[in-house]
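Participant: I have a structure I would like to understand better, so I am pasting it below and will then ask my questions one at a time.
The values are calculated or read from the model by the stated rules, or taken from the named source; none is laboratory data. Just so you know, these numbers come straight off a predicted model, no measurement behind them. No Cβ is skipped: glycine too gets one built from the backbone with ideal geometry, and neighbour counts run over all protein chains shown. Heavy atoms of the whole protein, side chains included, go into the accessibility calculation; ligands, DNA and RNA do not. Shrake-Rupley method; radii C 1.70, N 1.55, O 1.52, S 1.80 Å.
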Amino acid sequence: MLKIIQPIVSGKRSFSLTAFIVAAVLILTGASADKAIPLTVIDGRKYISLNDFTKALDLENSFDHIYQKGRLYYKKHYMVYKSGYAVAVIDNSLFTSSYEVKRHRGGIYLPADMALAASEAFYPGFTSLLEDKRLILVQKKQEERKADHVQIYTTKGRIGFIIIDPGHGGRDPGAVGKGGVREKDITLQVSLKIEALLKKKYGNIKIMMTRRTDRFIELAQRAEIANREIKKDVNGLFISVHVNASISPKISGFETYYLSQNPTNEEARKTAALENNVIILENNAPADDVEYMEALMITSQIQKESSMLADFVQRGMDNKISEFRSRGVHRADFYVLRGALMPAVLAEIGFITHKKEAASLRKNSYQDKVAAGVCSGIIKFIDHYNKMIEQ
Ligand SMILES: [Zn+2]
């Protein structure tokens with residue numbers, strides 16, 4: 001083949017011979033890549049070195065070594081990823097891979113399908129392809145570009161895990177009621193009951209707790225425990241259990257919240273402010289973390305699902321509890337729900353500042369009722385959700 005190209009090379013002196021040979025080889029092997037990035041196989045899985053990826057695609061990368069998370073930018077496009085997680089945020093959409101971003105030999109490696117999705121977002125004028133040993137980008141023809149549409153990366157999996165989050169714990173007692181009753185103890189007791197009921201019901205769904213003892217966990221960490229479980233085809237749900245407090249000893253009842261930056265009313269805003277207080281007890285409070293803002297932006301779909309989950313949980317409690325009134329479902333900006341990349345709700349199971357309700361909340365039989373109510377709501381939601389995504 002050199003015989004064919006040699007005369008042309010000599011005719012165009014400015015053209016480098018090696019570049020020409022490389023181009024010719026690419027044409028002859030059938031793959032004319034405009035950009036090519038080699039794949040690395042680690043433990044039998046295909047990865048792309050972050051270093052190669054950023055260089056080949058001319059991306060900017062910022063990496064936070066403490067949180068092991070990073071962000072890639074190209075023009076107005078971005079991707080947020082985290083070491084140890086199969087989920088990434090690409091241009092306000094969720095992408096889930098079947099395996100995690102990996103640290104390997106001092107470098108960061110992205111799952112090949114995640115790198116592919118990111119390259120498609122960063123370079124919409126190109127077609128990205130995974131070959132045996134490399135990821136390639138080929139420029140699209142004019143007519144292909146016209147037919148371009150915005151790609152949605154959200155892959156919806158069935159509910160494969162449930163995270164139960166007992167509010168507060170350790171140095172954070174939560175609300176403290178009459179006779180020294182502490183929110184953190186009630187939330188743990190009720191959560192353990194919810195866990196036991198769900199474990200009895202589901203053999204094929206992983207049931208997890210953010211804490212099983214009296215210990216302190218930062219708010220951001222609670223959602224991270226949940227997000228770590230998301231994989232391609234495996235979604236989850238997150239329920240945080242709390243006990244409410246009011247300056248008025250007359251207020252009682254149970255309610256369920258889902259995340260929104262626009263609280264339902266002043267009462268909802270106050271409840272959220274109360275629950276968010278714990279941030280001052282945290283060591284590395286990410287006060288204005290851009291990532292959480294992004295998590296908020298992608299939540300319109302998740303918000304819809306969360307609102308549905310809140311309805312089911314609230315109705316479930318209402319069916320079991322007759323002693324106190326249902327205060328309904330509300331929207332509020334709860335920090336603990338902000339980072340969750342799945343349907344997530346917060347149940348305020350009663351007021352610790354109401355004498356009769358506080359006494360009930362301490363009783364084993366009443367806690368059983370609350371747990372049964374929450375649990376039946378979760379079961380109904382899962383049935384509904386799984387039917388919905390199969391359509
Ligand atoms: Zn609380």
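Participant: Could you rank the peptides 360-372, 341-353 by their average count of other C-beta atoms within 10 Å per residue, with the highest value first?
Facilitator: Details: 360-372: 17.5, 341-353: 26.7.
Peptide ranking by packing, descending: 341-353, 360-372.
Participant: Another question, if that's okay. Can you list the lysines whose alpha carbon is less than 30 Å from that of LYS387, not counting same-chain residues fewer than 8 positions off?
Facilitator: Leaving aside lysines fewer than 8 places away in the same chain, those within reach of LYS387 are LYS156, LYS193, LYS199, LYS200, LYS201, LYS206, LYS231, LYS232, LYS304, LYS320, LYS369.
Participant: Return the aspartates and glutamates within reach of LYS380: Cα separation strictly under 15 angstrom, same-chain partners fewer than 8 residues apart disregarded; answer none if there are no such residues.
Facilitator: GLU305, ASP311, ASP318
Participant: Only sites in a loop by DSSP and with at most 15 other Cβ atoms within 10 Å count here; which chymotrypsin sites (Phe, Trp or Tyr not before Pro) in region 45-111 make the cut? Each step should come with its number before you reach the end.
Facilitator: Details: sites: TYR47, PHE53, PHE63, TYR67, TYR73, TYR74, TYR78, TYR81, TYR85, PHE95, TYR99, TYR109; in loops: TYR67, TYR85, TYR99.
Taking region 45-111 and a limit of 15 other Cβ atoms within 10 Å, the loop chymotrypsin sites (Phe, Trp or Tyr not before Pro) found are TYR67.
Participant: For region 35-146, what number of Lys pairs, 8 or more residues apart or on separate chains, have alpha-carbon atoms under 12 Å from each other? Each step should come with its number before you reach the end.
Facilitator: On the way: LYS35/LYS55; LYS46/LYS102; LYS46/LYS133; LYS69/LYS82; LYS69/LYS102; LYS82/LYS102.
Close lysine pairs under the 12 Å cut-off: 6.
Participant: With every protein chain kept in place and ligands, DNA and RNA left out, what is the accessible area per residue of region 158-390? Probe 1.4 Å, answer in Å².
Facilitator: On the way: 9690 Å² over 233 residues.
Per residue, region 158-390 has an accessible area of 42 Å².
Participant: If I take R0 = 35 Å and measure r between the Cβ atoms of VAL138 and ASP43 in this structure, what FRET efficiency does the formula 1/(1 + (r/R0)^6) give, to the nearest 0.05? The partial results should precede the final answer.
Facilitator: Numbers: r = 29 Å, r/R0 = 0.84.
With a Förster radius of 35 Å, E is 0.75.
Participant: Any chance you could check the Cα centroid distance between region 57-99 and region 346-379 for me, in angstrom?
Facilitator: 40
Participant: Would you work out what percent of the accessible area of region 185-277, with all protein chains in place, is carbon or sulfur (probe 1.4 Å)?
Facilitator: Details: 2030 of 4080 Å².
Taking all protein chains in place, region 185-277 shows 50 percent carbon and sulfur surface.
Participant: Using 0.36 nm per residue, how much length does the chain from ASP214 to ASN386 gain when fully extended, once their Cα-Cα distance is taken away? Could you put the intermediate results ahead of the total?
Facilitator: Values: separation 172, 0.36 × 172 = 61.92 nm, distance 3.39 nm.
Length gained, ASP214 through ASN386: 58.5 nm.
Participant: Oh, and also: I want to check the label-to-label distance for ASP368 and ARG158. Put each point 7 Å from Cα in the C-beta direction and report it in nm to one decimal.
Facilitator: 3.2
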